[in-house]
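Chemist: Quick one: this structure, given as structure tokens, is what I'll be asking you about.
Bear in mind that the values in this text are calculations on the coordinates, not laboratory data. Just so we're clear, the structure is a prediction, and the values are computed from it rather than from any experiment. Neighbour counts run over all protein chains shown; Cβ positions are idealised from the backbone, glycine included.
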Amino acid sequence: MTGERYEAGQVHGLSKVGRPLLVRYDLDALASAVSKDDIAASDAPGFWRYAPFLPVTKPENRVSLGEVMTPLIPLDRSASGLGAQPGKAIVKDEGRLPTGSFKARGLCLAVSMAKEFGLEHIAIPTNGNAGAALAAYARRAGQRATVFCPADTPDINVREIQQQGAEVWKVNGLINDCGRIVGEGKEAVGWFDVSTLKEPYRIEGKKTMGLELAEQMGWRLPDVIFYPTGGGTGMIGMWKAFHELKAMGWIDGPLPRMVAVQAEGCAPIVRAWEAGEEHAPLWEDAHTVAAGIRVPIAVGDFLIIRAVNESGGFTVALPDEEILAARDKVAAEDGLLLCPEGAATVAAYARALADGKVKPDETAVLYNCATGLKYPMAPVDRALDKDVPIDYARFGAA
Ligand SMILES: *Cc1c(COP(=O)(O)O)cnc(C)c1O
């Protein structure tokens, strides 16, 4: 961080040295203007209840598709099987948001800011969920959206993006290649580049994950947060939220340990953190079933690693088999269908319990960043012939 300041009220991208810009507020003024009761009394949809913490100045620019406060769901059977005490392992299920992922938070904010600035064309590189959220919110606001995704992005995501009115292009590369196309097209096309952390507004939307968690827990925070980390906006946004709440005197005590969870097939942050570095070079041949965290290089790498270190947290990388086994276990035992990225946090939590990094009586919040319904599931091979006598013993005796 360079400490340079930039004016509010005008469009920003990266800083002069090519690093992310973060929005700063007059938190003393905010603390005297709003109270926790004001927030509690808000009837705005979902995270718009935190509008005083957000950079959109005119209420008519708040684009909405019916945001909700996402539920906190304790894992019962699956977590007690891992040795956790009852109620201590809690999933925050972001799959309930419009377009089925937490990407709605950031892109709703970016689109609302674009509306405030009168920008009419937005472009994004995506692994799927961000493109879908941009498509939906941009169309809602009457803006044009152009989306670039790796050619092997799951078909359901690519089609969803197109269905929601965006122009989507499949690129023979990874998300960083798509990011280069968006960046280079800025001059020629004049679109607003909303790549992860290349403008300061998406992160403000992601920040609401932290504000919302604090409010839902009675303005207290858990001991530890497990977060599936790709570009890291969620991690950086929550960390920013906790600092703002602390500066306002709305929370006190130690902040949660932040755990960055990645897949073994794409773990640049874990590798850098283990080496004691702040910057994470490009991860070659990135692959994982957890598409949302297949991010081989992150412009906010140092901000993620600082949040982990300042919080006393750690990083974990997991093989796909362990991620999918966690998904299967939670779905079968607790009836909650996680996305693979969310399942990775459960697998990481299981390991942390086993090696003592998290105690069974500590409260752990595990982020499920998208609905499990957008991901491939095992095929069903049982079939029943209605025209032959049915042997009911096959279904199990009562
Ligand atoms: C984008 C995404 C992530 C990673 O998000 P960041 O906050 O950018 O690190 C995790 N899970 C899912 C499902 C995603 O779509």
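Chemist: Taking Rh as the Kirkwood radius, which is the inverse of the mean 1/r over Cα pairs, what is the Rg/Rh value for the range 88-178? Walk me through the numbers before you get to the answer.
Modeler: Details: Rg = 13.3 Å, Rh = 13.2 Å.
In the range 88-178, Rg relative to Rh is 1.01.
Chemist: Another one. Order these by the 10 Å Cβ neighbour count, fewest first: 4, 341, 94. Show your work: numbers first, answer last.
Modeler: Values: 4 10, 341 33, 94 26.
Ordered from fewest to most neighbouring Cβ atoms within 10 Å, 4, 341, 94 come out as 4, 94, 341.
Chemist: Which shape class, rounded, prolate or oblate, goes with the range 259-398 when its Cα gyration tensor gives a ≥ b ≥ c as root eigenvalues, a/c under 1.5 marks rounded, and past that a/b bigger than b/c marks prolate?
Modeler: On the way: a/c = 3.53, a/b = 2.06, b/c = 1.71.
Judged from the Cα gyration tensor, the range 259-398 comes out prolate (a/c at least 1.5, a/b above b/c).
Chemist: So which of 16/36; 206/329; 16/374; 36/374; 58/170; 58/374 end up more than 31 Å apart by C-alpha? Could the numbers behind the result be given before it?
Modeler: Working: 16/36 37 Å; 206/329 28 Å; 16/374 38 Å; 36/374 36 Å; 58/170 36 Å; 58/374 34 Å.
Flagged as over cut-off: 16/36; 16/374; 36/374; 58/170; 58/374.
Chemist: Given 10 °C and 1.306 mPa s, how large is the Stokes-Einstein diffusion coefficient of the range 237-329 in µm²/s, with Rh as the Kirkwood radius over Cα pairs?
Modeler: Details: Rh = 14.3 Å.
Once the numbers are plugged in, D ends up at 111 µm²/s.
Chemist: Here is a further query. Quick one: Cα convex hull volume of the range 309-376, Å³ per residue?
Modeler: Once divided by residue count, the hull of the range 309-376 is 104 Å³.
Chemist: If you average 1/r across every pair of different Cα atoms in the range 155-194 and take the reciprocal, what Kirkwood value do you get, in Å? Write down the numbers at each step before the final one.
Modeler: Working: mean 1/r = 0.0886 Å⁻¹.
About 11.3 Å for the range 155-194.
Chemist: Okay, next question. For residue 272, what charge total do you get from the other residues with a beta carbon under 9 Å from its beta carbon, if Lys and Arg give +1 and Asp and Glu give -1?
Modeler: Details: positive: 271; negative: 274, 277, 278, 301.
That sum, taken over residues with Cβ under 9 Å, equals -3.
Chemist: Now a separate question. With an 8 Å Cα cut-off and a minimum separation of 6 or more residues, compute the relative contact order for the chain in percent. Intermediate values should be presented prior to the final figure.
Modeler: Working: 770 pairs, mean separation 71.0, N = 398.
The value is 18 percent.
Chemist: Counting pairs of Cα atoms in the range 48-88, how many percent are more than 12 Å apart? Please report the intermediate quantities before stating the final value.
Modeler: Details: 574 of 820 pairs.
Here the long-distance tail beyond 12 Å is 70 percent of all Cα pairs in the range 48-88.
Chemist: If you don't mind, there's one more thing I want to ask. What net charge do the residues around residue 339 carry, taking every other residue with its C-beta under 11 Å from that of residue 339, with Lys and Arg at +1 and Asp and Glu at -1? Intermediate values should be presented prior to the final figure.
Modeler: Numbers: positive: 327, 374; negative: 93, 94, 341.
That sum, taken over residues with Cβ under 11 Å, equals -1.
Chemist: Right, here's the next one. Give me the dipole magnitude in Debye, nearest 20, for the chain about the Cα centre, with unit charges on the beta carbon: positive for Lys and Arg, negative for Asp and Glu.
Modeler: Values: 42 positive and 51 negative charges, 119 e Å.
Its charge dipole is roughly 580 debye.
Chemist: Also, quick follow-up: Using all alpha carbons of the range 188-262, what is the percent of pairwise distances in each 10 Å bin, ordered from the shortest bin to the longest?
Modeler: In order of increasing distance, the bins hold 19, 47, 24, 7, 3 percent.
Chemist: Can you pull the percent of Cα pairs in the range 145-251 with separation above 17 Å? Before the final figure, lay out the partial values.
Modeler: On the way: 3621 of 5671 pairs.
Percent of Cα pairs beyond 17 Å in the range 145-251: 64.
Chemist: Next question, about the same structure. Size of the dipole of the range 6-58 about the Cα centre, Lys and Arg at +1 and Asp and Glu at -1 on the beta carbon, nothing else charged, in debye to 20?
Modeler: Working: 6 positive and 6 negative charges, 67 e Å.
So the dipole magnitude of the range 6-58 works out to roughly 320 debye.
Chemist: Quote the relative contact order of the range 106-153 in percent (integer), defining contacts as alpha-carbon pairs under 8 Å separated by 6+ residues. Numbers along the way, then the final one.
Modeler: On the way: 58 pairs, mean separation 20.8, N = 48.
Answer for the range 106-153 is 43 percent.
Chemist: Helix-only estimate, please: 222 nm mean residue ellipticity of the chain, summing -39500 (n - 2.57) across DSSP H runs of length 4 or more and dividing by its residues, to the nearest 500.
Modeler: Details: 13 runs with 146 residues, N = 398.
Mean residue ellipticity, 222 nm, calculated: -11000 deg cm²/dmol.
Chemist: Sticking with this structure for a sec: Would you kindly work out the equivalent ellipsoid of the chain from its C-alpha gyration tensor and give its semi-axes, the square roots of five times the eigenvalues, largest first in whole Å? Please report the intermediate quantities before stating the final value.
Modeler: Numbers: eigenvalues 215, 136, 95 Å².
In descending order, the three semi-axes are 33, 26, 22 Å.
Chemist: Based only on other Cβ atoms within 10 Å, what is the fewest-to-most ordering of 248, 377? Spell out each step's value before the answer.
Modeler: Working: 248 17, 377 11.
Ordered by Cβ neighbours within 10 Å, fewest first: 377, 248.
Chemist: If you don't mind, there's one more thing I want to ask. Using +1 on the beta carbon of Lys and Arg, -1 on that of Asp and Glu, and nothing else charged, what's the dipole of the range 56-212 about the Cα centre, debye to 20? If you can, show how the numbers build up before the last one.
Modeler: Working: 20 positive and 18 negative charges, 66 e Å.
Using only the charged Cβ atoms, the result is roughly 320 debye.
Chemist: Calculate, axis by axis, the spread of Cα positions in the range 128-204 along the three principal axes, and write the results as whole Å, longest axis first.
Modeler: 29, 29, 25
Chemist: Lys/Arg Cβ at +1, Asp/Glu Cβ at -1, dipole of the range 105-254 taken about the Cα centre: which of 176, 158, 227 is farthest positive-ward?
Modeler: Highest projection toward the positive end goes to 158.
Chemist: Right, another one. Please report, to two decimal places, log10 I(q)/I(0) for the range 189-347 at q = 0.09, 0.10, 0.17, 0.19 Å⁻¹ as given by the Debye formula with identical point scatterers on the Cα atoms and no solvent.
Modeler: -0.30, -0.37, -1.03, -1.21
Chemist: Picking from 270, 239, 287, whose Cα lies most toward the positive end of the charge dipole for the range 174-297 (charges on Cβ: Lys, Arg +1; Asp, Glu -1)?
Modeler: The listed residue farthest towards the positive side: 239.
Chemist: Could you tally the net charge around residue 170, taking each other residue with its Cβ under 12 Å from the Cβ of residue 170, Lys/Arg +1 and Asp/Glu -1? Before the final figure, lay out each step's value.
Modeler: Details: positive: 159; negative: 152, 155, 167, 177.
Here the count lands on -3.
Chemist: Work out, in µm²/s and without decimals, the Stokes-Einstein translational diffusion coefficient of the range 42-121 at 25 °C, 0.890 mPa s, Rh from Kirkwood over C-alpha pairs.
Modeler: Details: Rh = 14.5 Å.
Diffusion coefficient, whole number: 169 µm²/s.
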